[in-house]
1. When all C-alpha to C-alpha distances in segment 296-354 are sorted into bins of 10 Å, what percent of pairs does each bin hold, rounded to whole numbers?
2. How many Å² of accessible area per residue for segment 79-226, probe 1.4 Å?
3. Given H placed 1.01 Å from N in the peptide plane, which residues other than close sequence neighbours of LEU115 have an amide H under 5 Å from its amide H?
4. Quick one: how many Å² of THR301 are accessible to a 1.4 Å probe, rounded to 10?
5. I need the P(r) histogram for segment 153-192: all alpha carbon pairs, bin width 5 Å from 0 out to the longest distance, whole percents.
6. Which value in Å is the Kirkwood Rh of segment 219-280 over different Cα pairs?
7. Keeping all protein chains in position, work out how much accessible area SER15 exposes to a 1.4 Å probe, and write it in Å² to the nearest 10.
8. Just by accessible area at a 1.4 angstrom probe, what is the order of THR49, THR181 from largest to smallest?
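The values are calculated or read from the model by the stated rules, or taken from the named source; none is laboratory data. Worth saying up front: this structure is predicted, and the values here are computed from it rather than measured. Cβ placement follows ideal geometry from the backbone for every residue including glycine, while neighbour counts extend to all protein chains displayed. Calculation scope for accessible area: heavy atoms of the full protein, side chains included, ligands and nucleic acids excluded. Shrake-Rupley method; radii C 1.70, N 1.55, O 1.52, S 1.80 Å.
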Amino acid sequence: MFRLSQYLQAVNEQSQNKTSRAVYGQHASGIKVAGPVVIWNLIRRCNLTCKHCYATSADKDFPGELNTAEVFQVMQNLKQFSVPVLILSGGEPLMRPDIFEISRHAKNMGFYVGLSTNGTLITEKNIDRIKRAAYHYVGISIDGMKETHDRFRRKQGAFDEALNAIRLCREAGIKVGLRFTLTRDNQHDLPALLQLMDDENINKFYLSHLNYAGRGNKNRADDLHHRMTRDAMELLFNTCWNDILHGKTREFVTGNNDADGVFLLLWARKNLPEHALQIERMLTRWGGNASGVNISNIDNTGNVHPDTMWWDYTIGNIKQRPFSEIWMDTSDPLMAGLKQKKRPVEGRCADCHYLDLCGGNSRTRAWSLSGNFWAEDPGCYLSNAEIGVADNIHRLQLTPWQRKKTIEKTSPAAC
């Protein structure tokens with residue numbers, strides 16, 4: 001996760017001779033000070049069937065899901081392992097009858113607790129219960145303005161319901177933000193969504209690049225051309241910096257493409273040259289992709305994954321072993337590579353001048369298109385010249401989607 005606002009706010013504070021805030025998520029030093037953030041898909045059932053769903057959810061019951069007692073038991077181990085953050089997700093987590101019981105228990109244990117929801121089930125009838133749950137943050141997914149969102153969510157009226165949920169949370173004093181997955185089919189709505197933030201007084205925006213996982217894998221032809229990605233990121237950079245200059249405290253975050261950090265550095269060299277060195281130093285401390293290190297995932301049946309996009313690669317199940325043991329076990333070849341300070345990436349990634357800033361980007365994308373964990377990430381939108389790679393370097397040859405025999409550990413949740 002790339003916390004854009006924190007980097008730009010830090011350089012602005014330095015220019016005003018203030019003490020800069022630390023940027024969360026620094027892992028490149030190799031020093032482990034806490035357990036990973038856990039994104040926890042408590043339920044696979046969902047009332048929607050969105051085009052880009054990585055969990056391939058549906059409105060039906062799925063067997064083998066953790067019960068309340070099992071969830072509480074896992075939480076105890078997570079707390080002992082110094083996990084700081086739980087993001088409760090799905091499916092649609094509000095379809096779990098015990099969601100508020102789970103949320104209260106997590107809060108009482110001292111976790112930072114976030115709720116990731118499509119928003120359609122947040123109404124006047126349950127907003128008081130959501131307020132009493134005291135989530136630190138509620139992220140509501142939105143895929144564009146009304147027509148675009150309803151088409152992506154495959155439900156007429158889904159946009160109005162999500163917007164109503166945002167307003168209800170805001171009026172209840174709950175920190176709420178927009179979660180937007182960028183694709184070729186909705187990039188034209190990005191400026192309008194940023195305006196919606198102004199109009200509705202929303203203070204957080206999370207932009208996720210399309211990753212090749214779940215239903216998103218089946219729709220990978222919809223991924224943005226690199227030029228469109230660059231345009232979107234420049235708009236986000238400019239919006240964030242303009243906010244800071246005008247005293248706004250909105251938060252902008254991106255995910256699933258760690259080339260964003262390198263692109264910010266290139267943007268800073270052009271637009272904020274006096275701050276570029278500081279930004280480069282902060283980005284180097286951050287280290288880029290945190291899958292298998294600072295970011296983890298537990299799915300609805302207890303399978304543990306290196307992050308939320310690896311649902312078809314399981315490193316263990318918490319019904320059989322504690323999460324802490326699973327997470328630190330480097331006998332798994334993927335986890336062993338992810339935990340290396342310099343990952344064994346290949347192709348453009350291996351020769352990239354900024355490998356220490358982005359960590360090799362998304363290994364999920366590389367694997368989905370090549371069957372190789374360590375192939376170059378096809379989602380990198382930076383040119384060879386920008387990353388210091390010769391044009392004649394061996395490039396990733398995209399082959400039909402496949403899985404190597406050594407990594408056939410398919411999760412039931414990915415079926």
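1. Taking every Cα pair in segment 296-354, the percentages come to 22, 46, 23, 9, 0.
2. 40
3. LEU88, TYR137, VAL138, GLY139
4. Here the accessible area works out near 20 Å².
5. Percent of Cα pairs in each bin: 5, 19, 20, 27, 17, 9, 2.
6. Taking the inverse mean of 1/r over all distinct Cα pairs, segment 219-280 comes out at 12.9 Å.
7. 70
8. Ranking THR49, THR181 by accessible area, largest first, yields THR49, THR181.
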